[in-house]
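None of the figures in this text is laboratory data; all of them are computed from the coordinates on show. Only a predicted model underlies this, so the values are computations on that prediction, with no experimental measurement involved. Note: ideal-geometry Cβ built from the backbone for every residue, glycine included; neighbour counts use all protein chains shown.
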Amino acid sequence: MRWIAGISVSLALGAGAALAWAAEPLPEGKPVPPASVPVATGETAKFFETRVRPVLAQHCFACHGEKAQKGGLRLDTAAGFFKGGDTGSLVTPGDPEKSLLLHAVRYDGPVKMPPHGKLSPRQIEDLAAWVKLGAPWPEYGGRGSGVRGQGGKGKLTIDNSQLSIVNSGTARNWWSFQPVKAPAIPRVKNAAAVRNPIDAFVQAKLAVKGLKPSPEASKRELIRRATFELIGLPPTPDEVDAFLADQSPEAYEKLIDRLLARPQYGERWGRHWLDVVRFAQTNGYERDAEKPFAWRYRDYVIQSFNEDKPYDQFVREQIAGDELDTVTDASLVATAFYRLGVWDDEPDDARQAEFDNLDDMLSTLGSAFMGLTVGCARCHDHKFDPISQAEYYSLLTFLRNIKRYVKHDDKSADQVIFAPLKGGEKTLAVVENGAVPPKTHVLIRGSAATPAAEVQPGFIRVLCGSEAATQPVIPAAQPGAKTSGRRRVLAEWLASPHHPLTARVMANRLWHYHFGRGLVATPNDFGRTGLAPTHPELLDYLASELVEGGWKLKRMHRLIMLSATYRQASRAENPKAVAVDPGNRLLWRQNLRRLEAEAIRDAILATSGKLNLAMGGRGVFPALPPEVLATQSAPGSGWGKSDEAERSRRSVYIFIKRTLGVPLLETFDLATPDNSIAARATTTVAPQALILLNSTFADEQAAAFAQRLEKEAGAGTDARIERAFRLALARRPTPRELEIARSYIDRHTLAAFCKVVLNLNEFVYID
């Protein structure tokens, strides 16, 4: 499988139906059918801006741009491109083989372009992939970024004749760009139903629509919900019995505290963060070589959550852990954040690849910590948010001095990608090129071949209280300094309690994982293309509480989970609420949620009695079928072998190889490690049932589950059935379920019955 710029071609080619199509008015009255001019969005837009537009800018614009249109062809605008030239249209969207563009760049037709030399195979393949997608283009009407200049000699100017969102007052007034202010807590009529301020905000919204919250869930539902959400495992029968027997008013609060104190909490919530930072242990592309010691970053994240490390410190360590006043092993490991992305070890254009890697770092930083699509301003001013292209490159200056990643078997690798730890070991980490960083220029269309004006370090204006606040003070480098100190300044800005986004974004992430949907349903996009919050005052209250509470996350878990809003039943038994708010945006009930891939696998292992709770280390390698290994160019390359005990460890410790995944996890929507993922998809497809019914893993765990029942419940069939229900579902079977199960075991086997239990909807959902 070929991976390009975070897009799997084999997957992306089937995603054409997801594109937004629109017609564009073309010059000289030459219309194009609506389906011929697709609008690129999301990953297709990023692919165009990073892999297609730079090729056009470097090799085509000189002869087919604003100043010259040889052959009647202009390629620097969507209108000109799709109009075509004297020889006709350039592309047949969706069909590279019928597109003049591809015949020209392949030199297999009468027209051979560019005339000064054939493009590289990689560039040609990128163009073919883009056309196959439908030739999506992010902009219309011939509007460019407004950036002009050439070869570093011209001046950076903005064409004011173009409507720029950067200077739009409405864009600057967007809710998330305003300072966080602790709101007044609403007064509600039913004060008895309010357990903490969260409930007051929610019930005030419900009252406007004449709605009431749902009743509280049962204790059995609460312990199962809380246990899965905090540690990602099912409660044991003994834990359920103890909680049900505890009739004290503090029983539920004590349960939350016990779960937060368990080491499995860090594994569960650390996995959520690994989605956000695109964690993987390999580089991607065909060779997909291992990133040595990347696993230390995973262990650092888990330990940080378990220690309840203040979130602002967590931010500082990942961005500038090597530049802090006190540098520790943990803070050095944290900087591996920068090294986790896809890396091409054999790029066609080394200069362009350097900026591709920097963009991966900056885009991930923007999504993870600020909830902003900063990367959209790499090639032109952001089309929706007030972020200029110049501001993008001003932010990039903070990262510009980072040494480029190299192959770990390179002689210079130790000085480039590793940092020494106190115990004599080493870790994947960020390393800089000394105290003096290189100059940074705006790149026209994002192409390293067309630098324009130089920029200085600066913050995004809309996120700062004043123009002066955008200009950071960079401390002078001390004698012998190994870094520029710039990342420390960036980290302090991001971790400031006055930053309008940092606390909001993290508070929303916590809410998202506790309710299945954030107050902002687009956790990585708080900009104008994201969704506005359903409860903006509540979000600001949570953000304020996060800061006021010393940025402690466990305190926020308690606040959310002890609310009456969280404790509601998930059943949709209120006809009026269903009619008024079928999507439950107003939170009149809890949301029914399916477990994530890792929690499903871990729950199966816990129920069968095979779960190994050992923590940390390089990772484990589940046995993969030959047909899965055969998908690699060198089958089995880079995939180790683990014994049964190791294979039974928690899923967070499974080795993450970009081009080779564990089928069970991928089938249940494991997050792709190529981009920051804030909200996983939840699909329902036939292979999910098939893999839980027919895979070797399912057979082995069902057999182990049956052996456990025989050992713990004795010879009685009814006792075994009851034990199975209590282990898997945290409840006893009903008389009817007992009758059905007894009949099934008589006709089949105990192991077959165990497999049925592990396939129940009730097993893979929490209510």
With eigenvalues of the C-alpha gyration tensor scaled by 5 and rooted, region 531-571, Å: 20, 16, 7
Extended-chain gain in nm, criterion 0.36 nm per residue less alpha-carbon gap, Ala251 and Ala715: 163.5 nm
Peptides 477-483, 373-379 ordered by average Cβ neighbours within 10 Å, highest first: 373-379, 477-483
Relative contact order for the chain, counting Cα pairs under 8 Å that sit 6 or more residues apart, in percent: 15 percent
Cross-link reach list, aspartates and glutamates versus Lys189, counting only Cα pairs under 14 Å and skipping chain neighbours closer than eight places: Asp199
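Between Lys67 and Glu666, what FRET efficiency comes out of the Förster formula 1/(1 + (r/R0)^6) with R0 = 60 Å and r the beta carbon distance, rounded to 0.05?
With R0 = 60 Å, the Cβ-Cβ based efficiency is 0.75.
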Spread of Cα-to-Cα distances over 10 Å intervals beginning at zero, given as percent, for region 418-494: 15, 32, 36, 14, 3
Helix-only mean residue ellipticity at 222 nm for the chain, each DSSP H run of n ≥ 4 adding -39500 (n - 2.57), per residue, nearest 500: -11500 deg cm²/dmol
Global geometry of region 703-767, whether rounded, prolate or oblate, following the gyration tensor of its Cα atoms and the 1.5 cut on a/c: rounded
Computed label-point distance, nm, for sites Ala572 and Ser695 using a 7 Å Cα→Cβ extension: 2.9 nm
Efficiency of FRET from Cβ geometry, Leu531 and Ala193, R₀ 35 Å, rounded to 0.05: 0.80
Links that overshoot a 26 Å alpha carbon limit, given the list Lys309/Lys641; Lys291/Lys403; Lys209/Lys552; Lys112/Lys407; Lys70/Lys118; Lys407/Lys610: Lys309/Lys641; Lys209/Lys552; Lys112/Lys407; Lys407/Lys610
For peptides 228-237, 94-103, sequence by mean Cβ density within 10 Å, most packed first: 228-237, 94-103
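Express the Stokes-Einstein translational diffusion coefficient of the chain in µm² s⁻¹, to the nearest whole number, given a Kirkwood radius over alpha-carbon pairs, 20 °C and a viscosity of 1.002 mPa s.
Result for D is 76 µm²/s.
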Other-chain or far-sequence residues with amide H under 5 Å of Lys426's (modelled H): Leu421
Qualifying GluC sites (Glu not before Pro) for region 573-612 [loop in DSSP, other Cβ within 10 Å: at most 13]: Glu573
Lysines whose Cα lies under 16 Å from that of Lys383, excluding same-chain neighbours fewer than 8 positions away: Lys46
Relative contact order (percent, whole number), region 592-749, Cα cutoff 8 Å, 6+ residue spacing: 24 percent
Average Cα contact separation per residue, region 376-519, under 8 Å, 6 or more apart, as relative contact order %: 21 percent
Cut-off under 5 Å, modelled amide H: who pairs with Ile654 long-range: Val620
Region 371-385 - phi-based ³J(HN,Hα) in whole Hz, Karplus 6.51/-1.76/1.60, Gly and Pro as x: x, 10, 8, 4, x, 5, 9, 5, 9, 6, 3, 4, 6, 10, 10
All aspartates and glutamates inside 14 Å of Lys711 as judged from Cα atoms, apart from same-chain residues fewer than 8 positions distant: Glu722
Within-12-Å neighbourhood charge of Ser637 [Cβ basis; K, R +1; D, E -1]: -1
Sites Trp175 and Tyr765 - FRET efficiency at Förster radius 35 Å, r taken between beta-carbons, to 0.05: 0.55
Table column - 3J(HN,Hα) (Hz), region 732-747, Karplus curve with 6.51, -1.76, 1.60, x for Gly and Pro: 8, x, 6, x, 5, 4, 4, 5, 5, 5, 4, 5, 5, 5, 4, 8
Between region 742-767 and region 614-692, the alpha-carbon center distance in angstrom: 25 Å
Spin-label model distance (nm) - Ala614 vs Arg736, 7 Å beyond Cα toward Cβ: 4.6 nm
Total formal charge among the other residues, if their Cβ is under 13 angstrom from that of Ala491, Lys/Arg +1 and Asp/Glu -1: -2
